[in-house]
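> Take this structure first; my questions come after.
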Amino acid sequence: MRNYVTGNTVEKTFRAGSTIEEANVFKEAKQFTYKDGAQFVFMDLSTFEEYRLGEADVGDKTKWLKEGMDCNLLFWNGKVIDFELPVTVQLSVVDVDPGLKGDTAQGGTKPATLDTGAVVNVPLFVNIGEEILVDTRTGQYMSRA
């Protein structure tokens with residue numbers, strides 16, 4: 001079992017036939033609108049209600065978070081306990097070493113800095129200003145956008 005509030009994981013054995021009360025957890029799609037200091041602000045587009053998460057709550061997911069992105073917020077007892085990013089995000093390359101003539105998709109990779117500050121290994125043919133798709137679960141380059 002995983003405690004979403006503290007992040008702890010506990011192994012527990014249950015007897016056959018025992019019942020466990022299901023947690024009142026649900027997901028809602030919200031849009032990441034902006035960062036306000038150490039707070040990340042998400043908004044419900046139908047009610048315009050704002051939800052704020054601190055840097056500790058967001059963790060290293062900040063490197064994939066871009067304004068206007070739709071995310072799933074996980075609620076428990078009316079409180080946000082976690083959020084999920086989309087599986088793929090489209091980001092711009094802002095810094096990368098230039099490619100050389102003859103570089104191919106199988107020719108290797110080079111590190112590229114994206115507009116969110118994340119660093120991803122990309123094929124040698126990717127240049128500054130290009131839009132790429134990145135898998136948020138693994139942090140790997142998928143393709144050009």
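The values are calculated or read from the model by the stated rules, or taken from the named source; none is laboratory data. Every value quoted in this text rests on a predicted model; they were computed, and no experiment measured them. For neighbour counting, all protein chains shown are included, and Cβ atoms are generated from backbone atoms with ideal geometry for every residue, glycine included. Just the protein is used for accessible areas: all its heavy atoms, side chains included, with ligands, DNA and RNA removed. Shrake-Rupley method; radii C 1.70, N 1.55, O 1.52, S 1.80 Å.
> Once the convex hull of the alpha carbons of the chain is built, what does its volume come to per residue, in cubic angstrom?
Given the Cα convex hull of the chain, per-residue volume reads 156 Å³.
> For the stretch 112-120, what does the Karplus curve 6.51 cos²θ - 1.76 cosθ + 1.60, with θ = phi - 60°, yield as ³J(HN,Hα) per residue in whole Hz, taken in order and with x for Gly and Pro?
Each residue of the stretch 112-120 in turn: 10, 8, 9, 5, 8, x, 6, 10, 10 Hz.
> Please report the carbon-and-sulfur percent of the accessible area for the stretch 15-145; probe 1.4 Å, protein heavy atoms only, DNA, RNA and ligands left out. Before the final figure, lay out each step's value.
Working: 3930 of 8040 Å².
The computed percentage sits at 49.
> Leaving out ligands, DNA and RNA but keeping every protein chain, what accessible area does Arg144 have, in Å² rounded to the nearest 10, with a 1.4 Å probe?
Approximately 120 Å² of Arg144 is accessible to the 1.4 Å probe.
> Rounded to the nearest 500 deg cm²/dmol, what is the calculated helix-only ellipticity per residue at 222 nm for the chain, with -39500 (n - 2.57) per DSSP H run of length n ≥ 4?
On the way: 1 runs with 4 residues, N = 145.
Per the formula, -500 deg cm²/dmol.
> Rounded if a/c is under 1.5, else prolate if a/b is larger than b/c, else oblate: which is the stretch 13-52, with a ≥ b ≥ c the root eigenvalues of its Cα gyration tensor?
Details: a/c = 5.64, a/b = 2.75, b/c = 2.05.
Note, shape of the stretch 13-52 comes out prolate.
> Measuring with a 1.4 Å probe in the full set of protein chains, what accessible area per residue, in whole Å², belongs to the stretch 7-47? Don't skip to the end; give the middle numbers.
Details: 3270 Å² over 41 residues.
Each residue of the stretch 7-47 exposes 80 Å² on average to a 1.4 Å probe.
> Right, something else. ³J(HN,Hα) across the stretch 70-75 via Karplus (A = 6.51, B = -1.76, C = 1.60, θ = phi - 60°), whole Hz, x for Gly/Pro?
7, 10, 9, 8, 9, 10
> Pop a pseudo-label 7 angstrom from the Cα along the beta-carbon direction at both Ile128 and Val41 and give the gap in nm to one decimal.
Result for the modelled spin labels: 3.2 nm.
> Now for a separate question. Give the residue from Thr9, Val119, Ile132 lying farthest towards the positive end of the charge dipole for the chain; charges sit on Cβ (+1 for Lys and Arg, -1 for Asp and Glu) and the dipole is referred to the Cα centre.
Farthest towards the positive pole: Thr9.
> Further question: Lysines within cross-link reach of Lys30: Cα-Cα under 29 Å, excluding same-chain residues under 8 positions apart?
Of all the lysines, those that pass the test against Lys30 - Cα under 29 Å, at least 8 places apart if same chain - are Lys61, Lys63, Lys66, Lys79.
> Next question. Please check: in the Gaussian network model of the chain (C-alpha springs, under 10 Å), which one of Gly117, Gly37, Gly54 has the largest mean-square fluctuation.
Comparing Gly117, Gly37, Gly54 in the GNM, the peak value goes to Gly37.
> While we're here: Quick one: accessible surface of Ile132, probe radius 1.4 Å, all protein chains present, in square angstrom to the nearest 10.
Answer for Ile132: close to 0 Å² accessible.
> If you don't mind, another one. Using a simple charge model, +1 on the beta-carbon of Lys and Arg, -1 on the beta-carbon of Asp and Glu, nothing else, what dipole does the chain show about its Cα centre, in debye to the nearest 20?
Details: 15 positive and 22 negative charges, 85 e Å.
The dipole of the chain has a size of about 400 debye.
> Starting with the highest mean, order 122-129, 41-48 by the number of other Cβ atoms within 10 Å, averaged over the residues of each peptide.
On the way: 122-129: 16.5, 41-48: 12.4.
Ranked by mean Cβ neighbours within 10 Å, highest first: 122-129, 41-48.
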